[in-house]
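Notes for the one structure printed next.
The values are calculated or read from the model by the stated rules, or taken from the named source; none is laboratory data. For clarity, every value in this text was computed on a predicted model and none was experimentally measured. FYI the Cβ positions are ideal-geometry reconstructions off the backbone, even for glycines, and counts take in every protein chain you see.
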Amino acid sequence: MKLGIVQFPGSNCDHDCLHVVRSVLQVEADLIWHEATQVAGYDALVLPGGFSYGDYLRSGSIARFSPVMRAVTDFAEAGGLVLGICNGFQILTEAGLLPGALLRNSALEFRCGWVHLRVESTASPFMASYGHGQVLRMPVAHGDGNYVADPDVLSRMRDNGQVTLRYCDAEGNVTPTANPNGSVDNIAGVCNESGNVFALMPHPERCAEPELGGVDGLGIWQAMVLALTSAPLRV
Amino acid sequence: MANGAQIGDEIGFAVTKARIYVTYKPTVLDPQGNAIQTALHHLGFADVESVRMGKYLEVELHTDDTSRAQEEVEAMCQQLLANPVIESYRFDLETAQ
């Protein structure tokens with residue numbers, strides 16, 4: 001089993017992801033430079049956080065046209081697991097692999113700190129380690145995390161279980177004060193219709209070891225490996 | 001090319017300039033526009049009803065074929081310059097020489 005972590009100019013969480021996969025999960029992983037035109041040999045892909053292309057024009061809008069994204073799109077459309085974190089989320093929405101878009105935080109502030117998340121749906125294989133309604137604690141660090149989608153798109157997403165994670169308080173109540181960025185319905189993470197493409201604004205790679213203050217993010221990584229072990233897919 | 005010179009000046013070919021305006025759709029909240037509106041109120045501009053912030057781009061094309069330029073700029077807006085999920089766009093074209 002081998003995971004590929006896509007590295008764009010301006011990615012800055014790529015090595016954190018690489019560390020978690022190699023040292024914590026003990027799974028083989030490589031960085032894939034954004035100029036690569038194929039992703040053959042990888043069982044799952046990660047689009048890490050950062051500020052690809054300086055967030056010029058719109059966050060993720062330029063990275064979405066990096067040569068590697070054609071291969072990432074083919075991989076996703078063939079059912080391959082793709083995880084997007086923070087800037088990776090923005091790139092996946094810009095690429096049309098996930099619904100909606102991410103705008104400037106409503107308070108116009110870069111938000112850096114720990115948040116609580118409620119697991120809203122376990123439909124995606126990335127959520128297999130968690131229970132429905134479980135409250136997780138993860139760090140966020142973003143300026144453009146304000147999730148929006150048209151009302152009809154949102155309603156379809158809810159029906160399909162694509163709204164995966166929502167910001168909540170420590171008790172699991174989804175409240176406006178628990179929302180760090182103004183996202184519609186406190187949405188923090190979503191998946192595509194078939195569940196194989198999943199992304200979130202919080203950073204599961206920064207909370208996968210007790211030394212970092214929490215391990216609630218580890219479940220996402222473990223679920224990815226579990227999914228590959230039970231139903232490996234090579235595209 | 002010297003600063004301030006137009007692309008067509010030196011070689012003498014026609015240039016079509018597109019002025020492109022990208023704005024949030026009316027249904028999308030604009031936190032930056034809201035912040036500017038608040039500042040304008042603080043400055044005493046009490047009549048300000050709303051502020052929407054957008055982007056302005058100038059793209060120069062090496063052609064004097066307006067219908068071709070129209071098609072190309074349309075495609076640029078759809079593929080990259082605007083995100084149809086949250087933004088709409090409009091543009092005008094001006095051909096020089």
Among the helices (runs of 4 or more DSSP H) confined wholly to the range A:46-161, which include 2 or more residues that are out of contact with any Gly (no Cβ under 9 Å at 6 or more places or on another chain), within 14 Å of another protein chain (Cβ to nearest Cβ) and farther than 16 Å from A:SER194 by Cα? A:68-77, A:151-160
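With the structure loaded, tell me whether B:VAL73 is surrounded by 15 or more Cβ atoms within 10 Å (Cβ to Cβ), within 14 Å of chain A (Cβ to nearest Cβ) and closer than 30 Å to A:ALA95 by Cα or whether it fails that test. Before you say what the answer is, go through the steps one by one.
On the way: surrounded by 15 or more Cβ atoms within 10 Å (Cβ to Cβ): yes; within 14 Å of chain A (Cβ to nearest Cβ): no; closer than 30 Å to A:ALA95 by Cα: yes.
No; evaluated as a whole, the condition is false for this residue.
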If you go through the range B:81-94 one residue at a time, do you hit one that is part of a helix (DSSP H, G or I), within 14 Å of chain A (Cβ to nearest Cβ) and in contact (Cβ under 8 Å) with a residue 60 or more places away in the chain? yes
For the condition over 21 Å from B:LEU29 (Cα atoms) and either surrounded by fewer than 23 Cβ atoms within 10 Å (Cβ to Cβ) or in contact with a Pro (Cβ under 9 Å, 6 or more places away or on another chain) (or both), what is the one hit in A:ALA107, A:ALA149, A:ALA170? A:ALA170
Pairs, please: C-beta under 7 Å, at least 6 apart or cross-chain, first residue away from chain A (no Cβ under 14 Å) and in the range B:27-47, second of a type in the set (Val, Ile, Thr) and assigned to a helix (DSSP H, G or I)? none
Of the residues in the range B:37-75, those that are under 27 Å from A:PRO151 (Cα atoms) and in a helix (DSSP H, G or I) number 3
Scan the range A:59-72 and give yes if some residue there is modelled with pLDDT under 95 and of a type in the set (D, E, K, R), otherwise no. yes
When (1) within 14 Å of chain B (Cβ to nearest Cβ); (2) out of contact with any helix residue (DSSP H, G or I) (no Cβ under 6 Å at 6 or more places or on another chain); (3) surrounded by 21 or more Cβ atoms within 10 Å (Cβ to Cβ) are applied to A:PRO202, the one that fails is (1)
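Keeping to the range A:164-196, report how many residues are assigned to a loop (DSSP other than H, G, I, E, B), within 20 Å of A:ALA95 (Cα to Cα) and not hydroxyl-bearing (Ser, Thr, Tyr).
Just the residues of the range A:164-196 that are assigned to a loop (DSSP other than H, G, I, E, B), to begin with: A:169-175, A:179-183, A:192-196.
Next cut, within 20 Å of A:ALA95 (Cα to Cα) only: A:183, A:192-196.
Filter once more, so that each one left must be not hydroxyl-bearing (Ser, Thr, Tyr): A:192-193, A:195-196.
Residues flagged as assigned to a loop (DSSP other than H, G, I, E, B), within 20 Å of A:ALA95 (Cα to Cα) and not hydroxyl-bearing (Ser, Thr, Tyr) within the range A:164-196 amount to 4.
Each row is one residue, and each column tells you yes or no for (1) more than 16 Å from the chain's Cα centre (by Cα); (2) among the aliphatic types (A, V, I, L, M).
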| site | (1), (2) |
| --- | --- |
| A:ALA123 | no, yes |
| A:HIS132 | yes, no |
| A:HIS142 | no, no |
| A:PRO151 | yes, no |
| A:ASP159 | yes, no |
| A:LEU165 | no, yes |
| A:ASN173 | yes, no |
| A:THR177 | yes, no |
| A:VAL184 | yes, yes |
